[in-house]
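In what follows, a single structure is set out as structure tokens and then discussed.
The values are calculated or read from the model by the stated rules, or taken from the named source; none is laboratory data. The structure presented is a predicted model; accordingly, all values stated were derived computationally and were not measured. Heads up, the Cβs are rebuilt from the backbone with ideal geometry, glycines too, and the neighbour counts pull from every protein chain shown.
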Amino acid sequence: MTKTQEFDVIVIGSGIGGLVTATQLATKGAEVLVLERYLIPGGSAGYFEREGYRFDVGASMIFGLGTHGTTNLLTQALAAVNVSVEAIADPVQIHYHLPESLDLKVDRSYEKFLQNLTAYFRHEAQGIRRFYDECQKVFQCLNSMELLSLEEPGYLRRVFFQHPQACLGLAKYLPQNVGDVARRYIKDPQLLKFIDIECYCWSVVPADMTPMINAGMVFSDRHYGGVNYPKGGVGQIAQKLADGLEKAGSKIVYQARVTKILTEQGRAVGVQLANGKVYRGKRIVSNATRWDTFEKLLPAQQIPRNEKKWQQKYQKSPSFLSLHMGVKESVLPSGTECHHILLENWAQMTAPEGTIFVSIPTLLDPDLAPVGYHIIHAFTPHWIDQWQGLSDLEYEAKKEEAAGRIIDRLEKIFPGLDAGLDYLEIGTPRTHRRFLGREDGTYGPIPRRKLRGLLGMPFNRTAVPGLYCVGDSTFPGQGLNAVAFSGFACAHRIAVDLGL
Ligand SMILES: Cc1cc2nc3c(=O)[nH]c(=O)nc-3n(C[C@H](O)[C@H](O)[C@H](O)COP(=O)(O)OP(=O)(O)OC[C@H]3O[C@@H](n4cnc5c(N)ncnc54)[C@H](O)[C@@H]3O)c2cc1C
């Protein structure tokens, strides 16, 4: 009989949250096993290749790859295992194409961005500056301290003595949402709509439901560390972390789908794979969503009380309809920016197919497409219910129709797009569910109603002893740099628990 292998820590999933946890623990001397159901690491930050194109699955507007401060968590996570990616600076974070001819670029320079916005809303010049300056204050607090586990009293004491003002600042902003702060300074309804979409384009909820801490990061880091694109595609970040993990003596196994978290006397002690294989660990970390963790990997009927309460406050966000396109370079007018947001009607901002998000990573790294061609990734929120119960033929037809609608709208920014299409692959919420292993293909948790900032987001420990969660279902939420934060925090808490 073969003996069940035992590890210090088992991490279920190799999204950026899982990989940062694993690499941080490996550098502290833990023997870590990462189990990934798919063929490559990265999850939503993975990639796929077709006919000479390398497409990012999801993320492509990358924060956290800066060179200085303490919030450049992706750079720090890579460096910890002696690897790095070449970061290509994106001069403009987003080019917005909004209702009432609001056509605005978020320049890397803070002053230039404020000038661009003020040119549209001169009567709000002072309010604009005061609002964004307040976001900068949040960022300055975060960017002055080491970012680790808020569940570790020793760290909290240390960081408070080192940075008392910054800690008090963060405590003040923790329960606040962007909408309330914005209305303190800004009155113009159209400008408040703009603040809504500034939030929606990464939090998928309007300003009133977006925590101030997250906004402070996003609205300020884009002008500090900047938005950067990793040479070779976003998948490089996960690939390099996985390489670093193995070099540090730990292990990652692909095509290893965990179907069960094993418990003994209520404590998590191991996992079982779809092929029946069992591994034991002193600590178990789930990088799957909370819904997958507590309703599928653990018995749904035993869901802990605090998880039920959490689900009363947070719900699954919609997934996306994604168009991965290869296009002739003639489709892109000269000077086109890498990231775009298109919305024609404010009332449709949060509706399925309301807002269209666009990334053209080949403008920063041409090697991702054949010579003379570009990648356009266009995606828009969609709920899985719309895609269930269809025959194969109906499903394909529905995909084609939806893609046609998106392409028609994008023709406004990229005239000749349809005619210039060389390759098109359409992903639906079902695709996201299948390839990312995320319940309903969700982008992550969103508040059901207005909550008190980030206060309701859980940290890494769970009600099940020995089990931790990491990734976008934990504090501080979605985005690569945010899940890296969660990974640093998770590894820190586990290291203390294991006495490493
Ligand atoms: C279309 C789209 C666009 C986005 N754009 C951006 C952007 O521009 N910038 C940005 O910062 N963020 C963006 N995001 C968000 C960002 O990609 C995610 O928040 C982040 O990657 C989530 O990381 P994670 O570690 O929480 O989980 P995931 O990426 O979901 O990784 C979880 C991993 O666990 C594996 N797994 C799950 N269950 C099991 C199991 N049972 N057994 C084994 N393995 C399992 C999965 O296969 C996956 O690899 C985007 C997301 C999407 C979908």
Members of the range 141-159 that are buried (at least 17 other Cβ atoms within 10 Å of the Cβ) and of a type outside the set (Ser, Thr, Tyr): Cys141, Leu142, Asn143, Met145, Leu147, Leu148, Leu150, Glu151, Glu152, Val159
Close pairs from the range 394-418: first at positive phi, partner of a type in the set (S, T, N, Q), Cβ under 9 Å, at least 6 apart: Gly416/Ser330
Ala402 being in the same structural domain as Arg290 (by TED's automatic domain parsing), more than 26 Å from Ala26 (Cβ to Cβ) and either modelled with pLDDT of 95 or more or in a helix (DSSP H, G or I) (or both): no
Condition check for Gly416: farther than 24 Å from Phe48 by Cα, of a type outside the set (Ser, Thr, Tyr) and either touching a helix residue (DSSP H, G or I) at 6+ places or on another chain (Cβ under 9 Å) or at pLDDT 95 or above (or both): yes
Failed item, numbered, when Gly466 is tested on (1) out of contact with any strand residue (DSSP E or B) (no Cβ under 9 Å at 6 or more places or on another chain); (2) not assigned by TED's automatic domain parsing to the domain that holds Gly389: (1)
Condition broken by Val234, with the remaining ones in (1) touching a Leu at 6+ places or on another chain (Cβ under 7 Å); (2) within 12 Å of the ligand (Cβ to nearest atom); (3) within 24 Å of Leu39 (Cα to Cα) satisfied: (1)
Test: residue in the range 78-99 that is polar (S, T, N, Q), part of a loop (DSSP other than H, G, I, E, B) and away from the ligand (no atom under 14 Å from the Cβ): yes
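The rows are residues; the columns are (1) more than 18 Å from Leu19 (Cα to Cα); (2) within 24 Å of the chain's Cα centre (by Cα); (3) within 11 Å of the ligand (Cβ to nearest atom); (4) surrounded by 17 or more Cβ atoms within 10 Å (Cβ to Cβ).
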position	(1), (2), (3), (4)
Tyr254	no, yes, yes, no
Tyr279	yes, no, no, yes
Thr289	no, yes, yes, yes
Arg305	yes, no, no, no
Ser322	yes, yes, yes, yes
Val327	yes, no, no, yes
Ser334	yes, no, no, no
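Let's see how each residue does on (1) farther than 22 Å from Gln388 by Cα; (2) of a type in the set (Asp, Glu):
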{"site": "Lys309", "(1), (2)": "yes, no"}
{"site": "Gln312", "(1), (2)": "yes, no"}
{"site": "Met325", "(1), (2)": "yes, no"}
{"site": "Glu329", "(1), (2)": "yes, yes"}
{"site": "His339", "(1), (2)": "yes, no"}
{"site": "Ala347", "(1), (2)": "yes, no"}
{"site": "Thr350", "(1), (2)": "no, no"}
{"site": "Glu353", "(1), (2)": "no, yes"}
Candidates Arg448, Arg452, Arg433, Arg438 - the one that is within 20 Å of Thr289 (Cα to Cα) and away from the ligand (no atom under 15 Å from the Cβ): Arg448
Count of the range 459-500 residues which are part of a loop (DSSP other than H, G, I, E, B) and within 13 Å of the ligand (Cβ to nearest atom): 11
Residue that is farthest from the ligand (Cβ to nearest atom) [pool: residues in the range 1-45 that are among the small types (Gly, Ala, Ser) and more than 23 Å from Leu65 (Cα to Cα)]: Gly29
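Limited to the range 418-452, what total is found for residues that are small (Gly, Ala, Ser) and either within 18 Å of the chain's Cα centre (by Cα) or not in a loop (DSSP other than H, G, I, E, B) (or both)?
Total meeting the criteria: 4.
In the range 144-168, what residues are among the polar types (S, T, N, Q) and under 20 Å from Thr474 (Cα atoms)?
Ser149
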Leading residue by the ranking (surrounded by the most Cβ atoms within 10 Å (Cβ to Cβ)) among those in the range 160-186 that are closer than 24 Å to Ile94 by Cα and touching a Gly at 6+ places or on another chain (Cβ under 7 Å): Asn177
Pair list, Cβ < 7 Å and 6+ apart or interchain, from the range 98-123 residues that are without any contact (Cβ under 8 Å) to a residue 24 or more places away in the chain and within 19 Å of Thr336 (Cα to Cα) to residues that are part of a strand (DSSP E or B) and among the charged types (D, E, K, R): Asn116/Lys105; Asn116/Asp107
Only listed residue being within 20 Å of Cys141 (Cβ to Cβ) and in contact with a Pro (Cβ under 8 Å, 6 or more places away or on another chain), chosen from Val205, Val178: Val178
Filter result for Phe414 (within 16 Å of the ligand (Cβ to nearest atom), of a type in the set (Phe, Trp, Tyr), in contact with a Leu (Cβ under 7 Å, 6 or more places away or on another chain) and not assigned by TED's automatic domain parsing to the domain that holds Val205): no
Flag for Asn275 being within 14 Å of the ligand (Cβ to nearest atom) and loosely packed, with under 15 Cβ neighbours inside 10 Å: yes
Residue pairs meeting the criteria (Cβ under 7 Å; at least 6 apart or on separate chains; first within 15 Å of Met212 (Cα to Cα), in the range 471-484; second within 6 Å of the ligand (Cβ to nearest atom) and of a type in the set (Ser, Thr, Tyr)): Gln478/Tyr443
